[in-house]
Amino acid sequence: MPNNATRLPHDYLRHDKKFPHVWCPGCGNGIVLGSLIRAIDNIGLEKDEIVMASGIGCSGRLPVYVDFNTLHTTHGRALTFATGIKLAKPSLKVIAVMGDGDATAIGGNHFIHAARRNLDLTAIIINNQIFGMTGGQYSPTTPYGCKASTALYGNIEHAFSIAELAVTAGASYVARSSVFHAKLLDKIIAQGIQRRGFSVIVAMSNCHVQYGRRNQMGSPVIMMEWLRDHAVRIEKAGDLPAKDLQDKFTIGVLADVDKPDYIEEYQKIRERAKEG
Amino acid sequence: MANNDPPKKLLLQGNEAIVEGALAAGCRFFAGYPITPASEISEMMSVRLPRQDGTFIQMEDEIASMGAVVGASLAGVKSMTATSGPGFSLMQENLGFACITETPCVIVNVMRGGPSTGLPTSPAQGDVMQARWGTHGDHPVIVLAVSSVGDCFDITIHAFNLSEKYRVPVIILSDEVVAHTREILALPAGDKIEVIDRIRPSTPPEWYIPYEENSRGVPPMAAMGEGYRHHVTGLIHDQRGFPTQKPKETEAFMKRLFRKITHGFYEIQMTKSIMMEDAEVAVIAYGSVARSAQRAVMQARQQNIKAGLLQLITMFPFPKNAVDTALRQCRSVLVPEMNIGQISREVKRANTSDCRVLKYNRIDGQIITPTEIFTELKDM
Ligand SMILES: Cc1ncc(C[n+]2csc(CCOP(=O)(O)OP(=O)(O)O)c2C)c(N)n1
Ligand code: SF4
């Protein structure tokens with residue numbers, strides 16, 4: 001098993017791309033990439049039918065390493081490009097990878113509208129609760145009171161819960177896991193890709209360098225332990241008193257609704273237009 | 001089989017003729033966000049595209065519209081958006097992405113009075129320099145201007161053709177007057193229209209180098225999902241498409257972006273000369289102002305003033321040679337514009353003779369009339 005697990009990524013990595021990669025040692029981005037590869041391999045998709053689009057940030061560098069149709073767009077806009085690609089060629093499986101700042105600060109508007117529109121895309125948000133690439137400034141998911149390079153006196157803003165936001169905005173599939181819970185992450189990414197409509201996968205991740213260091217969690221191990229200790233299975237969350245959930249996040253599937261996606265609806269428009 | 005039917009005649013406004021032109025050029029994807037005076041383009045696209053198995057989508061804003069347009073083009077479908085000043089400003093970020101990734105697409109900006117919300121229902125030509133330099137960084141773009149309903153059809157087709165041929169975004173500048181004026185358009189039969197498509201790779205996928213140098217400077221473009229998997233990024237990239245910071249690779253890449261346009265000057269730089277053969281004074285104009293200028297030139301000729309009109313269809317790359325020729329020939333030229341003088345400066349920069357370059361500007365949301373231009377001509 002371990003052998004296969006380490007060998008598998010090599011079937012998907014680009015061999016003409018120069019390594020090493022840009023990430024800090026121990027960064028959770030690599031784990032998410034591993035999960036994504038395993039999910040795609042499990043479903044048995046062809047490399048040609050996959051488009052991987054990203055925004056800007058450390059997370060935005062995922063696509064360059066893998067042998068799919070890859071697109072590294074502008075900060076926060078990955079979903080807009082993904083929308084154009086999917087509508088132009090619906091046979092493609094389009095996966096958008098974004099950071100938390102990417103998806104919910106600068107790209108927040110695109111994110112909620114993509115969820116509302118329910119086009120068949122898979123959005124993977126790597127939530128490390130900070131702007132990693134630009135040096136640890138606070139993001140819309142930085143917890144209240146935490147420190148960031150632009151919040152040295154403590155963050156006074158309140159964090160978005162990205163998954164809950166996506167549910168409310170109308171995404172048909174929403175699930176969350178963490179880089180500590182990689183098996184669950186593999187599973188929900190695969191489900192997200194397979195479900196019709198807009199799927200949102202939130203991967204809680206570690207940026208021990210920009211977030212951890214400023215918040216007494218300066219190593220990947222400590223951050224992994226934090227992820228382990230703060231995740232609650234969604235099935236169990238209902239039984240717990242609210243105070244026990246206060247600084248926790250749930251993992252599992254938050255929404256799984258089967259409804260026609262945008263392309264199916266648009267096909268009806270085409271038929272009506274041709275009759276009229 | 002040649003179609004010998006006479007051209008179909010339609011009474012259309014400029015915005016509608018742009019849609020006809022786009023569809024004739026093969027546009028099958030449109031993403032936009034409503035804004036006066038461009039909204040009719042979206043509305044008509046939403047009716048027409050689904051009939052042709054194309055796709056219309058109203059996005060959440062113009063940033064998203066531009067992103068979707070580039071995405072659709074990368075997937076192999078000719079695509080377009082249309083907007084006006086405030087929306088055009090929002091498009092600049094992803095327009096830059098189209099420039100650096102060499103993604104063909106067409107952006108229509110129906111100009112209205114600015115800055116900001118400005119005069120939403122009044123004509124203006126205030127976005128000329130934004131069209132050229134609106135997105136950040138050095139970048140090549142092609143900017144064309146339309147002056148009539150007929151232009152709206154023809155120039156839109158040209159815009160798509162140039163965009164496909166040179167892999168560059170093409171901006172069409174219209175204005176509120178052209179957009180909403182109704183004129184007869186003789187719609188040519190489909191097989192009378194020249195349509196150019198981007199060159200696709202002819203090598204097998206394993207040999208495909210997406211940004212390889214070649215003599216034209218325009219690499220063949222593979223659509224996503226056709227076996228030519230490669231990386232597309234807004235970072236400066238090497239010939240394989242991977243990010244690079246190496247000065248040599250950066251410079252080679254940037255130079256190619258410009259070289260491909262320079263090589264095409266002969267066909268990209270379009271101008272129209274009216275009564276320029278023996279002209280001693282001339283008007284250099286574009287957009288709806290060129291219509292007034294044409295009228296004024298006729299009037300001047302009736303009074304034995306040897307006047308002519310050089311109409312700029314291509315604004316950028318600035319048609320320096322045609323302008324220079326006019327300047328050498330004339331004792332003075334007038335550049336009337338519905339802005340503070342954005343193109344007159346370019347004309348002055350091109351001027352190497354002792355021709356006098358005069359400005360005439362309106363920034364009050366009103367059109368420039370033939371009489372106003374004629375009055376100026378009389379004193380030149
Ligand atoms: C329009 C624009 N504004 C700002 C930036 C600078 N910038 C690059 S990445 C980034 C934030 C990255 O944070 P996040 O999205 O959370 O991703 P991470 O690096 O943590 O993976 C910012 C602000 C940019 N590239 N573009
Ligand atoms: S800065 Fe943070 S998110 Fe970026 S690579 Fe380093 S650990 Fe990962």
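The values are calculated or read from the model by the stated rules, or taken from the named source; none is laboratory data. These figures come from a predicted structure and were not determined experimentally. Cβ sites come from the backbone with ideal geometry, for glycine too, and all protein chains shown count toward neighbours. To get the accessible areas, we keep the full protein, side chains included, count just its heavy atoms, and leave off ligands, DNA and RNA. Shrake-Rupley method; radii C 1.70, N 1.55, O 1.52, S 1.80 Å.
Summary of computed values
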{"item": "Qualifying helices (runs of 4 or more DSSP H) (wholly inside region A:197-276; at least 2 residues being under 30 Å from A:Ile85 (Cα atoms))", "result": "A:262-275"}
{"item": "Qualifying residue in region B:76-87 (condition: buried (at least 24 other Cβ atoms within 10 Å of the Cβ), on the phi < 0 side of the Ramachandran plot, more than 14 Å from chain A (Cβ to nearest Cβ) and hydrophobic (A, V, I, L, M, F, W, C))", "result": "yes"}
{"item": "Candidate set from region A:45-66 (those that are more than 9 Å from every other protein chain (Cβ to nearest Cβ) and in a loop (DSSP other than H, G, I, E, B)); member that is farthest from ligand 1 (Cβ to nearest atom)", "result": "A:Glu46"}
{"item": "Filter result for the condition that a residue is open to solvent by 40 Å² or more (accessible area, probe 1.4 Å), among the hydroxyl-bearing types (Ser, Thr, Tyr) and either at pLDDT 95 or above or touching a Cys at 6+ places or on another chain (Cβ under 9 Å) (or both), over A:Tyr262, A:Tyr211", "result": "A:Tyr262"}
{"item": "B:Ile63, sole failed condition from (1) facing chain A (nearest Cβ under 10 Å); (2) out of contact with any strand residue (DSSP E or B) (no Cβ under 7 Å at 6 or more places or on another chain); (3) within 19 Å of A:Tyr266 (Cα to Cα)", "result": "(3)"}
{"item": "Test for B:Ala186: is it surrounded by fewer than 17 Cβ atoms within 10 Å (Cβ to Cβ), in contact (Cβ under 8 Å) with a residue 60 or more places away in the chain and in the same structural domain as B:Ser84 (by TED's automatic domain parsing)", "result": "yes"}
{"item": "Within region A:164-177, considering residues that are out of contact with any helix residue (DSSP H, G or I) (no Cβ under 6 Å at 6 or more places or on another chain), more than 16 Å from ligand 1 (Cβ to nearest atom) and in a helix (DSSP H, G or I), the one most open to solvent (accessible area, probe 1.4 Å)", "result": "A:Thr168"}
{"item": "Test: residue in region B:280-293 that is over 30 Å from B:Thr262 (Cβ atoms), more than 20 Å from the chain's Cα centre (by Cα) and in contact (Cβ under 8 Å) with a residue 60 or more places away in the chain", "result": "yes"}
{"item": "A:Ile85 being aliphatic (A, V, I, L, M), away from ligand 2 (no atom under 16 Å from the Cβ) and more than 30 Å from B:Glu226 (Cα to Cα)", "result": "no"}
{"item": "Members of region A:126-154 that are assigned to a strand (DSSP E or B), aliphatic (A, V, I, L, M) and over 17 Å from A:Pro25 (Cα atoms)", "result": "A:Ala148, A:Ala151"}
{"item": "Candidates B:Val47, B:Val69, B:Val110, B:Val106, filtered to the one that is out of contact with any Leu (no Cβ under 6 Å at 6 or more places or on another chain), facing chain A (nearest Cβ under 10 Å) and open to solvent by less than 10 Å² (accessible area, probe 1.4 Å)", "result": "B:Val69"}
{"item": "Residue among B:Ala38, B:Ala72, B:Ala17, B:Ala31 that is over 23 Å from B:Thr135 (Cα atoms), in contact with a helix residue (DSSP H, G or I) (Cβ under 8 Å, 6 or more places away or on another chain), among the aliphatic types (A, V, I, L, M) and in contact (Cβ under 8 Å) with a residue 40 or more places away in the chain", "result": "B:Ala17"}
{"item": "A:Ile130 more than 21 Å from A:Gly192 (Cα to Cα), within 16 Å of the chain's Cα centre (by Cα) and within 14 Å of chain B (Cβ to nearest Cβ)", "result": "no"}
{"item": "Residue check, A:Phe180 open to solvent by 30 Å² or more (accessible area, probe 1.4 Å), within 11 Å of ligand 1 (Cβ to nearest atom), away from chain B (no Cβ under 14 Å) and farther than 30 Å from A:Leu87 by Cβ", "result": "no"}
{"item": "When residues of region A:88-110 are limited to those that are within 21 Å of A:Gln129 (Cα to Cα) and at the interface with chain B (Cβ under 8 Å from one of its Cβ atoms), the one nearest to ligand 2 (Cβ to nearest atom)", "result": "A:His110"}
{"item": "Residues of region B:237-272 classified as within 14 Å of another protein chain (Cβ to nearest Cβ) and either basic (Lys, Arg) or open to solvent by less than 40 Å² (accessible area, probe 1.4 Å) (or both), total", "result": "7"}
{"item": "Residues that are within 11 Å of ligand 1 (Cβ to nearest atom) and open to solvent by 50 Å² or more (accessible area, probe 1.4 Å), drawn from region A:124-152", "result": "A:Phe131, A:Met133, A:Thr134, A:Tyr138, A:Thr150"}
{"item": "Near pairs, Cβ below 7 angstrom, 6+ apart or cross-chain, from region A:188-199 (over 18 Å from A:Ile251 (Cα atoms)) to any residue that is outside any loop (DSSP other than H, G, I, E, B) and of a type in the set (Phe, Trp, Tyr)", "result": "A:Arg195/A:Tyr173; A:Gly197/A:Tyr173"}
{"item": "Some residue of region B:308-322 being free of Cβ contacts under 8 Å to residues at least 60 places away in the same chain, surrounded by fewer than 24 Cβ atoms within 10 Å (Cβ to Cβ) and at positive phi", "result": "no"}
{"item": "Options A:Asn42, A:Asn29, A:Asn69: the member that is away from every other protein chain (no Cβ under 14 Å), among the polar types (S, T, N, Q) and over 27 Å from A:Gly136 (Cβ atoms)", "result": "A:Asn42"}
{"item": "Region B:226-243 residues that are assigned by TED's automatic domain parsing to the domain that holds B:Thr101, paired with ones that are of a type outside the set (S, T, N, Q) (beta carbon under 7 Å, 6 or more apart)", "result": "none"}
{"item": "Any hit, region A:189-203, residues being more than 16 Å from ligand 1 (Cβ to nearest atom), open to solvent by 30 Å² or more (accessible area, probe 1.4 Å) and of a type in the set (A, V, I, L, M, F, W, C)", "result": "no"}
{"item": "Pairs with Cβ under 7 Å, 6+ apart, first in region A:101-125 and touching a residue at least 12 places away in the same chain (Cβ under 8 Å), second assigned to a loop (DSSP other than H, G, I, E, B) and among the hydroxyl-bearing types (Ser, Thr, Tyr)", "result": "A:Gly101/A:Ser139; A:Thr104/A:Thr141; A:Ala105/A:Ser139; A:Asn118/A:Ser172"}
{"item": "Yes/no for A:Leu185 being on the phi < 0 side of the Ramachandran plot and either in contact with a His (Cβ under 7 Å, 6 or more places away or on another chain) or in a helix (DSSP H, G or I) (or both)", "result": "yes"}
{"item": "Residue check, A:Asp102 at pLDDT 95 or above, within 14 Å of ligand 1 (Cβ to nearest atom) and either open to solvent by less than 10 Å² (accessible area, probe 1.4 Å) or not aliphatic (A, V, I, L, M) (or both)", "result": "yes"}
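Per-residue answers, yes or no, for (1) in contact with a Leu (Cβ under 9 Å, 6 or more places away or on another chain); (2) among the hydrophobic types (A, V, I, L, M, F, W, C):
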position: B:Val168; (1), (2): yes, yes
position: B:Leu173; (1), (2): yes, yes
position: B:Pro205; (1), (2): no, no
position: B:Tyr211; (1), (2): no, no
position: B:Gly217; (1), (2): yes, no
position: B:Met221; (1), (2): yes, yes
position: B:Tyr228; (1), (2): no, no
position: B:His231; (1), (2): yes, no
position: B:Asp238; (1), (2): no, no
